[in-house]
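*Asks:* Mind looking over this structure? Questions follow.
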Amino acid sequence: MDSPIQSLHHVTATVDDAQQDLDFCIDALGLRLVKKTVNFDNHLVFHFYYGDEHGTPGTIWTTFPYKGYGVPVGTKGAGQVAVTSFSVPAGALDWWRARLTALGASVQDAPPRFGEESILFADPSGLQFELVANDRDRRAPWTREVGAATAIRGLHSVTMTIAHPAKTIEFMTSLLGFRVVGEMAGRTRLAVNGDEPGKTMEIVHAPDAPRARNGLGTVHHVAMAVPHAGDQLRMREEVLRWGASVTEVRDRQYFQSIYFREPGGVLFEIATMAPGFAVDEAPASLGRDLKLPPWEEPNRSMIEAGLDAVAYR
Ligand code: ZN
């Protein structure tokens with residue numbers, strides 16, 4: 001089935017300390033901060049968007065640093081994105097292993113799967129990250145911190161922990177247009193619109209896993225990219241026909257979004273590719289200033305006074 005979904009759009013997590021998050025994502029991973037704004041559902045908390053030079057859909061990692069708001073550490077388990085994987089060039093893993101180890105991360109070799117090697121490590125909040133080496137990624141990297149031979153190209157995939165995968169796989173294939181492109185013991189890989197990095201999602205079959213609970217150090221949701229608002233509305237109708245509940249279209253300033261839970265419990269978002277991060281900031285200075293959506297501008301001084309001071313280059 002043809003799907004309007006082009007690729008992943010972004011992955012969003014709840015993290016602990018804002019400064020630690022900036023240091024890790026910008027300095028260690030070498031991502032570009034493409035937007036500093038606030039959580040549109042809670043303007044007391046930052047929302048950081050990281051990605052390639054432009055924040056191209058499929059390269060974006062976003063965080064809500066919730067330190068100091070009494071949010072408990074999340075429970076890892078079923079119904080959750082367990083691992084967020086980024087794509088790096090074949091041959092880059094030795095360099096990354098040395099870099100991350102030197103920065104104090106504990107790096108593990110993941111068992112090879114589907115013909116690709118990878119390493120696993122955690123961010124300062126305990127989120128599980130993976131770097132997957134491959135020679136199939138044509139995306140241009142952001143190279144201010146990390147050279148082109150090794151830099152992250154964008155998202156590779158996410159791995160979801162699902163207790164009973166059959167319904168999730170049916171939902172993703174029949175309704176979202178994914179197809180199963182790989183299977184091994186206890187794991188299924190699905191892809192949409194091709195199978196290059198940024199277009200795949202994996203399911204780990206975990207019948208005995210505890211139910212996940214969102215909190216510090218867990219992924220909140222994964223978003224998929226569609227070109228047009230009309231595609232989003234059509235998919236919204238299909239999700240409703242399936243019987244799942246789905247939000248109204250929400251204005252996220254840099255894209256429009258709908259949210260729903262797949263049958264295994266993971267929160268999915270369908271996000272438009274436009275207008276993108278240059279809508280309120282010059283491309284050369286993305287991420288420099290605190291940007292607020294028009295409806296929050298009247299509250300700017302109150303919002304700025306409540307946010308942690310953060311520094312980054
Ligand atoms: Zn989102």
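*Asks:* Measure up Lys76/Lys167; Lys35/Lys167; Lys36/Lys167 against 30 Å on the Cα-Cα distance and list the ones that go over.
*Replies:* Lys35/Lys167; Lys36/Lys167
*Asks:* Another question about this same structure. Output the relative contact order of the chain, whole-number percent, from Cα pairs under 8 angstrom with separation of 6+ residues.
*Replies:* 25 percent.
*Asks:* Counting each DSSP H run of 4 or more residues in the chain as -39500 (n - 2.57), what helix-only mean residue ellipticity at 222 nm follows after dividing by all residues, to the nearest 500 deg cm²/dmol?
*Replies:* My calculation for the chain gives -4000 deg cm²/dmol from helical runs alone.
*Asks:* Could you point to the residue in Met273, Thr173, Gly306 farthest towards the positive end of the stretch 7-306's charge dipole, with +1 and -1 charges on the Cβ of Lys/Arg and Asp/Glu respectively?
*Replies:* About the Cα centre, the residue reaching furthest to the positive side is Thr173.
*Asks:* Here's a follow-up. Counting only heavy atoms of the protein chains, get the accessible area per residue of the stretch 7-306 (1.4 Å probe) and round it to a whole Å² value.
*Replies:* Spelled out: the 1.4 Å probe surface of the stretch 7-306, per residue, equals 40 Å².
*Asks:* Sort the following peptides by mean Cβ neighbour count (other Cβ atoms within 10 Å, averaged over residues), highest first: 12-25, 239-252.
*Replies:* 12-25, 239-252
*Asks:* Per 10 Å bin, what is the whole-percent P(r) computed from every C-alpha pair distance within the stretch 140-273?
*Replies:* 11, 37, 36, 14, 2
*Asks:* Compute for the stretch 13-61: radius of gyration divided by Kirkwood radius, i.e. Rg/Rh, restricted to C-alpha atoms, rounded to two decimals.
*Replies:* That ratio equals 0.96.
*Asks:* Quick one: dipole size for the stretch 7-306, taken about the Cα centre, charges +1 on Lys/Arg Cβ and -1 on Asp/Glu Cβ, in debye to the nearest 20.
*Replies:* Dipole of the stretch 7-306, to the nearest 20 debye: 360 debye.
*Asks:* What base-10 log of the normalised intensity I(q)/I(0) is obtained for the stretch 36-174 from the Debye formula, alpha carbons as equal point scatterers, at q = 0.18, 0.19 Å⁻¹?
*Replies:* -1.24, -1.32
*Asks:* Accessible surface of Arg236 in the full protein assembly, 1.4 angstrom probe, to the nearest 10 Å²?
*Replies:* Approximately 30 Å² of Arg236 is accessible to the 1.4 Å probe.
*Asks:* Report the gain in length on full extension from Arg213 to Leu307: 0.36 nm times residue separation, minus Cα-Cα distance, nm rounded to one decimal.
*Replies:* Length gained between Arg213 and Leu307: 31.3 nm.
*Asks:* In units of 2.2 N^0.38 Å, what is the alpha-carbon radius of gyration of the stretch 1-117?
*Replies:* Its radius of gyration relative to the 2.2 N^0.38 Å reference: 1.19.
*Asks:* Moving on to the next point. Efficiency by 1/(1 + (r/R0)^6): what FRET value for Glu237 and Arg187, r their Cβ-Cβ distance, R0 = 35 Å, to the nearest 0.05?
*Replies:* Computed FRET efficiency for Glu237 and Arg187 comes out at 0.65.
*Asks:* Carbon and sulfur together cover what percent of the accessible area of the stretch 7-306 at a 1.4 Å probe radius?
*Replies:* 52
*Asks:* Still on this structure: Rg and Dmax of the chain, using alpha carbons, in Å: what are they?
*Replies:* Both quantities, over Cα of the chain: 18.4, 54 Å.
The values are calculated or read from the model by the stated rules, or taken from the named source; none is laboratory data. Since this is a predicted model, take the numbers as computed values, not measurements. Cβ sites come from the backbone with ideal geometry, for glycine too, and all protein chains shown count toward neighbours. Each accessible area value is taken on the protein alone, full model and side chains, heavy atoms only, with ligands, DNA and RNA left out. Shrake-Rupley method; radii C 1.70, N 1.55, O 1.52, S 1.80 Å.
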